[in-house]
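What follows is a single structure, written as structure tokens, with notes after it.
The values are calculated or read from the model by the stated rules, or taken from the named source; none is laboratory data. Worth saying up front: this structure is predicted, and the values here are computed from it rather than measured. A quick note on method: Cβ atoms are made from the backbone with ideal geometry, for glycine too, and the neighbour counts reach across all protein chains shown. Heavy atoms of the whole protein, side chains included, go into the accessibility calculation; ligands, DNA and RNA do not. Shrake-Rupley method; radii C 1.70, N 1.55, O 1.52, S 1.80 Å.
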Amino acid sequence: PSVRVGDLARIVDQKLPSLQRKMQRIGMTPEQCRSDYLLSAEDASLVAMEYGLSPIVDEEKSFDIYPDPPPTPEELQALPSRPPVVTIMGHVDHGKTTLLDALRHTSVASGEAGGITQHIGAFSVSLRDLLPNSEGNDPTDSSITFLDTPGHAAFTAMRARGAHVTDIVVLVVAADDGVMPQTKEVIELVKAEGDHIGLVVAINKCDKPGIDIHKVKNALMVEGVYLEEDGGDVPSVQVSGLKGIGLDALVETLATVAEVRDLRASRKSKAEGFVLESRVEKGRGNVATVLVTRGTLKTGDAIVAGQTWCRVRQMTDDKGKAVKETLPGMPVIVTGWKDVPVAGDEILQAPNGEEEAKKAIANRQRDAERKALMADVEKINEKRRLQRERIEQEEAIAEAAKAAGSDPVAAAAAAHRQAEATEKANAFRELRLVIRADVSGTVEAVVGALEHIGNKEAGVKIIHAGVGDVAESDVAIAEAAEGMIIGFSVKAPKAVQSHAAKSNVPIHLESVIYRLIETVRAKVAALLPPII
Ligand code: GDP
């Protein structure tokens with residue numbers, strides 16, 4: 001088993017930078033500390049132990065699917081080229097949608113699909129259609145992929161996880177409006193990405209009378225964007241999305257930028273990509289637009305994304321044409337998802353098929369559940385810790401005051417003992433239960449079903465069990481024991497519920513035994529040390 005550094009941070013419940021600092025301190029290399037680095041189980045365990053955790057290495061439970069390591073610069077040189085992925089950004093009303101529509105329309109009008117525009121979150125424009133003089137017959141060698149994901153939700157999600165899906169950003173600036181707040185945001189974003197993203201400026205609405213291009217250029221310069229035609233390094237084109245002016249120049253510029261960036265991707269490695277959009281469609285079920293970034297996606301492949309998986313039933317391109325294989329840089333609609341995947345989720349092929357995909361997803365779902373439960377437990381614990389600290393402090397002060405006249409050393413020692421006692425009490429991992437059920441036979445059945453849940457490290461301790469509705473006395477018992485109340489086929493009167501809520505005592509009411517067992521199991525699991 002192995003685990004990504006980013007995932008380990010989640011497992012040991014630490015912020016990534018703090019985990020990385022710790023890793024460096026114990027002698028791991030900067031390479032190993034990268035968030036996407038795959039740590040061996042042994043290394044990950046070492047790190048977890050640094051946080052006082054005793055991890056369990058479990059082959060089955062830690063199984064997941066990971067991307068292949070990135071190619072070395074030499075390997076990259078030998079790979080086939082791929083189309084650039086372009087995102088159009090800019091201030092509201094500067095003409096992004098109009099420009100995208102114009103570009104999409106040229107691709108459709110000159111293509112074979114007979115003028116049908118399908119909005120799927122991305123589309124591909126063939127250079128051969130737009131620029132008759134361009135060379136090459138390979139469609140992926142001579143096309144540009146435009147992302148038009150609504151609100152750039154997927155783009156933001158992918159960026160947040162450090163994925164570089166977009167190669168080039170086209171910054172649209174309306175000539176009549178100039179540099180506006182969102183224009184500046186895009187410039188900042190592109191700067192932050194450094195070498196990962198190329199920038200092209202499209203000065204739009206050039207059809208409008210009385211516009212002043214120099215004013216726009218000067219405003220861009222103030223933001224640190226120097227255009228090529230003025231001796232800078234940012235290519236720019238003057239366009240009108242509305243009138244369709246300058247589109248070929250834009251596409252040509254994008255093709256040049258792409259060529260300089262020398263974009264390549266393996267077509268042979270297992271398929272990888274991202275979810276751009278997803279929805280439920282009548283007749284087709286759960287569908288997602290997928291951008292393949294590496295490898296070749298084929299019908300019949302098993303892929304995972306977030307907490308769901310898919311056996312690729314059908315793939316349709318942006319022109320509505322059915323395809324059997326999708327190469328890097330190409331967007332397709334994929335059907336066959338068990339659930340609707342989330343935009344921005346990373347897609348990975350399970351190289352050994354369906355069973356592997358299922359296993360990985362079962363683990364991801366269990367981890368997510370566990371994390372949610374832990375967060376709940378954590379919230380309650382935090383409240384209790386604060387309460388306890390306050391009481392301790394008061395006691396320590398009282399004791400110190402008593403001892404102050406005679407022996408300050410004894411006073412300090414008393415406070416220390418108290419702190420130690422609290423710590424010991426906290427290390428004990430048990431789910432303490434107060435049980436209520438409708439009849440005595442049921443009480444015994446419930447106790448019998450729950451008392452053996454757990455293992456050496458964590459388990460159930462039943463502190464009290466009785467017949468009838470949940471009572472005030474149960475709340476008092478559970479509160480003193482820092483436990484919870486289980487009611488099986490009984491009620492909890494309003495007054496009791498509000499008392500319990502005030503005392504931070506959870507009440508769980510249930511009438512199906514297997515569901516109760518599942519709940520209690522999950523709560524015990526949440527007390528266990530992390531699994532790597
Ligand atoms: P977005 O908010 O950036 O997507 O902008 P839209 O594409 O929705 O355009 C905003 C407004 O500007 C619309 O009324 C468009 O018709 C208009 N517009 C867009 N491009 C041009 C252009 O090239 N010339 C002119 N004159 N108007 C344009």
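A few notes on this one:
- Of all residues in region 201-222, those satisfying the criterion of being open to solvent by less than 40 Å² (accessible area, probe 1.4 Å) and away from the ligand (no atom under 16 Å from the Cβ) are Lys217, Ala219, Leu220.
- Val340 open to solvent by less than 10 Å² (accessible area, probe 1.4 Å), touching a Lys or Arg at 6+ places or on another chain (Cβ under 8 Å) and farther than 20 Å from Thr166 by Cβ: no
- Residue pairs whose Cβ atoms lie under 9 Å apart, separated by 6 or more positions or on different chains, with the first residue in region 227-244 and more than 16 Å from the ligand (Cβ to nearest atom) and the second charged (D, E, K, R), are Leu227/Lys217; Leu227/Asp233; Glu229/Lys217; Asp230/Lys217; Val234/Glu228; Pro235/Glu228; Pro235/Glu229.
- Sole exception among (1) open to solvent by less than 70 Å² (accessible area, probe 1.4 Å); (2) among the aliphatic types (A, V, I, L, M); (3) in a helix (DSSP H, G or I) for Ile391, by number: (1)
- Index of the failed condition, Val234 passing every other in (1) among the hydrophobic types (A, V, I, L, M, F, W, C); (2) surrounded by fewer than 21 Cβ atoms within 10 Å (Cβ to Cβ); (3) out of contact with any helix residue (DSSP H, G or I) (no Cβ under 9 Å at 6 or more places or on another chain): (3)
- Filter pass, Asp68 being in a loop (DSSP other than H, G, I, E, B), surrounded by fewer than 18 Cβ atoms within 10 Å (Cβ to Cβ), in contact (Cβ under 8 Å) with a residue 40 or more places away in the chain and touching a Ser or Thr at 6+ places or on another chain (Cβ under 6 Å): yes
- Residue within region 341-355 that is farther than 30 Å from Met484 by Cα and in a helix (DSSP H, G or I) present: yes
- Residue within region 247-268 that is more than 20 Å from His91 (Cβ to Cβ), of a type in the set (Lys, Arg) and assigned to a helix (DSSP H, G or I) present: yes
- Selection within region 395-426 - of a type in the set (D, E, K, R) and at pLDDT below 75: Glu399, Lys402, Asp407, Arg417, Glu420, Glu423, Lys424
- Restricting the search to strands (runs of 3 or more DSSP E) fully inside region 457-532 and requiring at least 2 residues that are surrounded by fewer than 20 Cβ atoms within 10 Å (Cβ to Cβ) gives 459-467, 507-510.
- Of all residues in region 97-107, those that are farther than 15 Å from Ile120 by Cα and either in a strand (DSSP E or B) or within 8 Å of the ligand (Cβ to nearest atom) (or both) total 2.
- Selection count, region 8-41, where residues are at negative phi, of a type in the set (Asp, Glu) and in contact (Cβ under 8 Å) with a residue 40 or more places away in the chain: 1
- Top-ranked residue of region 29-65 - restricted to ones that are of a type in the set (D, E, K, R) and part of a loop (DSSP other than H, G, I, E, B), ranked as farthest from Asn352 (Cα to Cα): Arg34
- Residue match in region 77-96 (condition: within 16 Å of the ligand (Cβ to nearest atom), surrounded by 15 or more Cβ atoms within 10 Å (Cβ to Cβ) and assigned to a helix (DSSP H, G or I)): yes
- Conditions (1) of a type in the set (Ser, Thr, Tyr); (2) at pLDDT 95 or above; (3) within 16 Å of the ligand (Cβ to nearest atom): number failed by Thr183: (2)
- Yes/no for Val443 being outside any loop (DSSP other than H, G, I, E, B), open to solvent by less than 30 Å² (accessible area, probe 1.4 Å) and modelled with pLDDT under 90: yes
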